[in-house]
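Novice: Pasting a structure here, questions to come.
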Amino acid sequence: MNSETYLDFCFIREETGNFAAEIHRVLLELFKDIRLNWYLDEKTEDGIEIVVAEIKGMSRWQSEEETINYIEENAGESFWKYLQGYQMNVYPVKRGCGSCGTH
């Protein structure tokens, strides 16, 4: 079953330009077969480029641990080079109705 998935990543590097475009390519490669969408917020400050990626959608991961394992196995060198922080929440779909869980 699919889970609601919310991932936030913070990427940082020295200012060279087009950082958001590079992060977009990195995420396309990492999540190419997963139904996730993202919004990238790019800022430049004191010679540093910062991109915050807000990612959400549906995935087959059932926990944050599964998500981390997937990323560790599939992320490229650029992802790890620029990653400075993350936050994630994975909400597996529960069977049954929302109030009693059995219907």
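Each value in this text was obtained by applying a stated rule to the coordinates, not by laboratory testing. Since the structure is predicted, the reported quantities are computational estimates derived from the model, not experimental observations. When we count neighbours, we look across all protein chains shown, and the Cβ atoms used for this are built from the backbone with ideal geometry, even at glycine.
Novice: Taking segment 4-43, which residues are surrounded by 12 or more Cβ atoms within 10 Å (Cβ to Cβ) and among the hydroxyl-bearing types (S, T, Y)?
Specialist: Residues satisfying the conditions are T5, Y6.
Novice: Within the set of pairs 6+ apart or on separate chains, which have a first residue in segment 48-62 that is within 15 Å of N18 (Cα to Cα), a second that is polar (S, T, N, Q), and C-beta atoms under 8 Å apart?
Specialist: Filtered contacts from segment 48-62: E49/T16; I50/T44.
Novice: List every residue pair whose Cβ atoms sit under 7 Å apart, with the two residues 6 or more apart in sequence or on different chains, where the first one lies in segment 1-21 and is part of a loop (DSSP other than H, G, I, E, B) and the second, anywhere, is hydrophobic (A, V, I, L, M, F, W, C) and loosely packed, with under 13 Cβ neighbours inside 10 Å.
Specialist: Short answer, once both residue conditions are applied: M1/V93; N2/V93; E15/I48.
Novice: Here's something else I'd like to know. Which count do you get for residues in segment 63-86 that are of a type in the set (F, W, Y) and in contact (Cβ under 8 Å) with a residue 24 or more places away in the chain?
Specialist: 3
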